[in-house]
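Each remark here refers to the structure printed beneath this line.
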Amino acid sequence: MTSSDRAVLTRDGLDALIATLAADGYRVYGPTVRDGAIVYDDIAGVADLPAGWTDEQDAGSYRLKRRDDDALFGYVVGPHSWKKYLHPPRRRLWRAAKTEEALTFTAEPEPAERFAFIGVRSCEIAAMAIQDKVFAVGDYADPQYRARRDGAFVVAVNCGEAGGTCFCVSMKTGPHVMSGFDLSLTEIERGDLPVYLIEAGSDAGRDLLARLPCRPVEANDITAADAAVAHAAAQMGRTLETDGIRDLLVNNPDHPRWDEVAARCLTCGNCTMVCPTCFCTTTEDSSDLDGGGAERTQRWDSCFTLDFSYIHGGSVRSSSKARYRQWMTHKLATWWDQFDTSGCVGCGRCITWCPVGIDITEEARAIRSDLTRETKP
Amino acid sequence: MIEGMERIIREHRFFAGLDDETLAFVAGCTRNVRFDAGQYLFHAGEPANEFYLIRHGRVALELPVPGKDAITFQTAGEGDVVGVSWLVPPFRWLHDARATDLVRAIGVDAKCLRRKCDDDHNVGYEMMQRFVPVLVDRLQATRLQVLDVYGTSR
Amino acid sequence: MLPVARRVVRTRRELADVWTIEIEPEGDSFAFLPGQFNMLYAFGVGEAAISISGDPAESGRLVHTIRAVGKVSEALARTRPGDVIGVRGPFGVGWPVEAADGADVVVVAGGLGLAPLRPALYRLFGERHRFGRVVLLCGARSPKDILFRSEIEHWRARLDIEAAVTVDHADREWRGNVGVVTTLIGRAAFDPSNTVAFVCGPEVMMRFAAIELESRGVRPEAIHLSMERNMKCAIGHCGHCQFGGDFVCKDGPVATFEQLRRRLALREI
């Protein structure tokens with residue numbers, strides 16, 4: 001890494017970063033406080049960031065709380081993830097027009113807008129890489145997804161502290177951002193206001209960094225940044241033993257624990273909506289009142305709905321046991337068969353946003369420990 | 001005559017692998033029979049005195065329903081055995097068996113074979129080994145029929 | 001993936017609720033493998049996965065056989081010549097007809113399962129010299145539910161094919177076999193150690209047919225089944241058709257009993 005790859009930004013420098021991205025034509029999204037949560041939305045500058053806020057998270061619980069400093073990134077992750085921009089909750093796939101002679105289909109144009117994401121966590125970069133494997137590769141790569149993804153400018157943030165439901169260390173996805181970013185930030189304490197160690201991870205990042213007002217890096221900046229990330233890593237709210245997890249779940253479809261969790265699960269699908277890797281969708285077809293036009297819309301779907309596995313005659317997975325088992329087994333086990341990776345990045349959203357506080361790490365542990373007991377004489 | 005029956009029953013799938021001694025023993029209880037299309041091999045309720053190993057043709061196994069056409073629940077053809085109730089008391093048929101075309105079969109005297117099974121349990125075991133799979137297959141086939149797997153067509 | 005508009009040129013009612021529709025390929029021929037399916041779109045109503053039931057050697061004809069069970073299949077089944085529908089495809093892994101080279105081939109069809117098997121049968125019959133014995137075993141609910149009945153009768157007349165039909169429930173006029181289709185497997189003549197089997201029908205029927213074939217000595221890796229799951233996108237993106245780790249739309253629909261056995265025995269997978 002050369003000196004041109006690293007620098008230190010002040011809060012004003014960060015403002016300049018956001019302004020420069022906007023000037024370069026990016027639509028800049030970042031964290032902001034709304035409706036009692038830190039969500040991702042349009043941001044115009046540092047003033048929109050959640051300065052001095054943090055989030056207290058546990059199973060089924062999320063609360064914003066005032067920090068005793070002015071940190072901009074002193075929270076972990078909220079209910080939103082970047083997938084809402086890369087893989088939108090709702091989008092039109094095509095339009096059809098019917099005349100006497102012909103039926104014509106018109107694809108939705110590829111998005112012209114380029115996105116810049118400010119404050120992307122390491123687990124979220126891992127989640128993007130996982131969705132890339134679903135949508136961006138192979139014979140049927142989705143050109144819309146690729147256009148959004150290829151056009152995106154990623155400004156990552158290293159976590160300085162972990163949340164109550166975080167377990168990225170277990171999933172080997174964080175907290176230190178290693179790749180998949182254009183620029184990365186580490187918030188470090190310096191006097192009244194924090195400053196930001198900024199590192200370039202791509203040519204585009206390097207070019208942009210060269211245009212920002214910043215000062216050279218000092219040795220104690222690095223030490224402070226490393227300490228911040230190490231602090232987060234040591235502070236994980238949860239752990240999940242991943243050793244042999246694929247076989248453990250695939251080989252135990254009738255474990256009594258599935259019945260126990262099903263008794264609590266409301267099959268609301270919240271976990272799938274907040275999950276940054278869940279990719280399932282369904283489609284809706286509609287037509288104009290005059291019958292001349294029709295369109296197909298894709299929207300996020302959840303494996304927790306009965307309709308999800310419907311084949312004529314009924315749903316394959318009609319019990320909530322089968323649906324929870326499908327979700328968790330897919331996430332932690334069969335995802336490996338499909339994409340050669342886990343489908344879980346350890347962000348903890350499914351735990352926090354579950355209305356009854358079902359904890360995927362606890363469920364995995366229960367299935368594992370019961371078995372351990374059974375195999376002992 | 002008995003030697004001829006030995007050859008015929010040896011060729012039938014049902015007795016495949018039976019040793020010579022047992023075969024000769026069983027052959028003593030058998031005869032060649034034929035039924036014309038429409039003729040009944042037996043009727044429900046009758047004593048199960050003779051069961052049949054089909055060599056040619058098709059037999060409909062039917063349940064008579066008062067006031068309606070009999071329901072054919074299964075057909076048997078070449079290589080199949082018709083009649084299993086001869087094995088268990090009260091040794092009476094539980095369904096009709098009707099030839100739907102010309103049927104040639106080996107008729108097995110049930111009383112004769114039951115006696116031989118009682119006298120020689122090795123013969124009894126050989127027969128059980130052959131009849132139990134038939135019963136299990138039929139039970140399984142009936143389960144699938146009950147499922148009505150092809151569903152909605154009316 | 002955008003559908004392509006194609007015109008329906010012929011329709012035919014097969015059974016009370018089953019229609020076969022023939023679509024013109026509009027210029028290009030339409031190459032497909034036996035066992036593959038297309039996504040057919042009825043204007044304004046929606047899309048459904050429909051297996052191709054025509055002859056792969058006749059790429060100028062795109063033939064689908066559809067049971068009207070939902071609003072989309074109803075709309076597709078009731079199209080008329082001249083109507084235009086949307087087509088995406090072909091998708092999926094088909095019947096490995098080539099793998100049966102030199103072997104006996106047993107085809108077991110239950111109900112509408114004969115439709116996706118018909119392209120494989122056309123290929124088997126078209127290249128008859130490449131295979132050993134060819135056995136077709138068809139099961140249907142009742143005599144009036146026998147799909148492609150006149151065609152089966154035509155095949156039965158061939159001396160180089162053993163074809164048998166059975167029905168679960170017979171009426172008075174029926175003079176053929178009665179019993180589930182698995183009962184035909186035990187009676188058919190083939191060499192189990194050198195047999196490739198293609199099985200398609202309701203999942204329960206396929207499971208028991210595969211068990212019966214295996215008990216006769218057919219290797220589980222030589223028994224091929226065609227799975228049915230909810231297919232929306234057909235390209236492995238929507239997640240609906242997952243069956244364990246498989247996306248039935250792209251990893252299937254055809255897979256071996258060896259691959260499927262464990263999952264077939266599990267409930268609600």
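We did not get these values from a lab; they are worked out from the coordinates using the rules stated. Everything numeric in this text was worked out from a predicted model, so none of it was measured. Every residue, glycine as well, gets a Cβ built from its backbone with ideal geometry; the counts of neighbours run over all protein chains shown.
Pop out the Kirkwood hydrodynamic radius of the stretch B:2-147 from its pairwise C-alpha distances, inverse of mean 1/r, in Å to one decimal. Intermediate results must be reported in sequence, preceding the final value.
On the way: mean 1/r = 0.0638 Å⁻¹.
Over the stretch B:2-147, the inverse of the mean reciprocal pair distance is 15.7 Å.
Evaluating 6.51 cos²θ - 1.76 cosθ + 1.60 at θ = phi - 60° for every residue in the stretch B:35-45, the Karplus couplings come out as 10, 7, 3, x, 6, 8, 6, 6, 10, 4, x Hz, glycine and proline recorded as x. Working note: Cα atoms of the stretch A:218-377, range along each principal axis, descending, whole Å: 69, 59, 31. Computed from Cα atoms, the angle from the helix B:2-11 axis to the main principal axis of chain B rounds to 50 degrees.
Measuring nothing but how far apart in sequence close Cα pairs (under 8 Å, 6+ apart) lie, relative to its length, chain A scores a relative contact order of 21 percent.
The relative contact order of chain B, computed from alpha carbon pairs under 8 Å that lie at least 6 residues apart in sequence, is 28 percent. Applied to the stretch B:48-56, the Karplus parametrisation 6.51 cos²θ - 1.76 cosθ + 1.60 on θ = phi - 60° returns per-residue 3J(HN,Hα) values of 7, 8, 8, 10, 10, 9, 6, 9, 7 Hz, with x for Gly and Pro. Among A:GLY205, A:GLY160, A:GLY293, the largest mean-square fluctuation in a Gaussian network model of chain A, built with springs joining Cα atoms closer than 10 Å, belongs to A:GLY293. Between the stretch A:30-87 and the stretch A:178-214, what's the alpha-carbon centroid distance in Å? Cα centroid of the stretch A:30-87 versus Cα centroid of the stretch A:178-214: 20 Å apart. Hey, what angle do you get for helix C:114-126 against the long axis of chain C, alpha-carbon based, 0 to 90 degrees rounded to 10? Helix C:114-126 and the main axis of chain C meet at about 70 degrees. The C-alpha atoms of chain C define a longest principal axis, and helix C:203-215 lies at about 30 degrees to it. With Cα atoms as the point set, chain A shows a radius of gyration and Dmax of 22.4, 76 Å.
Take each residue of peptide C:41-47, count the partner chain Cβ atoms within 10 Å of its Cβ, and average: the result is 6.
Each helix, a run of at least 4 DSSP H residues, gives -39500 (n - 2.57); summed and divided by the residues of chain A, these come to -9000 deg cm²/dmol at 222 nm. Spatial offset of the stretch C:105-130 relative to the stretch B:80-154 amounts to 33 Å, using the alpha carbon center of each. Computed over neighbours whose Cβ is under 9 Å from that of A:ALA7, the net charge equals 0, Lys and Arg +1, Asp and Glu -1. Amide H contacts for A:ALA152 (H built 1.01 Å from N in the peptide plane; partners 5 or more residues away or on another chain; cut-off under 5 Å): A:PHE115. Between C:PRO119, C:PRO81, C:PRO34, which gets the highest mean-square fluctuation from a Gaussian network model of chain C, Cα cutoff 10 Å? Comparing C:PRO119, C:PRO81, C:PRO34 in the GNM, the peak value goes to C:PRO81.
Look at the Cα gyration tensor of the stretch A:124-265: its axes a ≥ b ≥ c give a/c of at least 1.5 with a/b at or below b/c, and that counts as oblate. In this model, which of A:LYS84/A:LYS172; A:LYS98/A:LYS133; A:LYS98/A:LYS331; B:LYS68/B:LYS116; A:LYS133/C:LYS71; A:LYS98/C:LYS250 are farther than 32 Å apart at the alpha-carbon? Over 32 Å apart, Cα to Cα: A:LYS98/A:LYS133; A:LYS98/A:LYS331; B:LYS68/B:LYS116; A:LYS133/C:LYS71. Distant-in-sequence amide contacts of C:ILE223, defined by a placed amide H-H separation under 5 Å and a gap of 5 or more residues or a different chain, comprise C:ALA197, C:PHE257, C:GLU258. When both the stretch C:1-70 and the stretch C:175-216 are represented by their alpha-carbon centers, they are found 28 Å apart.
For B:ALA97, what is the net charge nearby, where nearby means another residue's Cβ is under 12 Å from its Cβ and Lys, Arg count +1, Asp, Glu -1? Spell out each step's value before the answer.
Numbers: positive: B:ARG58, B:ARG98; negative: B:GLU46, B:GLU50, B:GLU62, B:ASP80, B:ASP96.
Net local charge, B:ALA97 excluded: -3.
Panel order for B:SER85, C:SER51, A:SER369, by other beta carbons found within 10 Å of each beta carbon, from fewest to most: A:SER369, B:SER85, C:SER51.
Normalised by the residues of chain C, what does the relative contact order come to in percent, with Cα pairs under 8 Å and at least six apart? Present the calculation step by step, with values, prior to reporting the outcome.
On the way: 606 pairs, mean separation 46.4, N = 269.
Relative contact order of chain C: 17 percent.
Over all residues in A:280-291, what is the mean tally of Cβ atoms on other chains that come within 10 Å of each residue's Cβ? Show your work: numbers first, answer last.
Working: counts 7, 6, 6, 6, 1, 9, 3, 3, 1, 0, 0, 2.
So the per-residue partner count for this stretch is 4.
Ratio of Rg to Rh for the stretch C:97-265: 0.97 [Cα atoms; Kirkwood radius as inverse mean 1/r over pairs].
So, counting K/R as plus one and D/E as minus one, what does the shell of residues with Cβ under 9 Å around A:GLY346 add up to? Walk me through the intermediate numbers first.
On the way: positive: A:LYS172, A:ARG238; negative: none.
Once positives and negatives cancel, what remains is +2.
Across peptide B:68-75, the mean count of Cβ atoms from other chains lying within 10 Å of each residue's own Cβ comes to 5.
In chain A, which helices (entire DSSP H runs) extend 15 Å or more along their own long axis, judged by Cα positions, while averaging at least 0.5 on the Kyte-Doolittle scale?
Working: long enough: A:11-23 (18 Å, 0.81); A:122-135 (20 Å, 0.76); A:219-233 (21 Å, 0.58); A:360-375 (23 Å, -0.88).
Qualifying helices, which must be both long enough and hydrophobic enough, are A:11-23, A:122-135, A:219-233.
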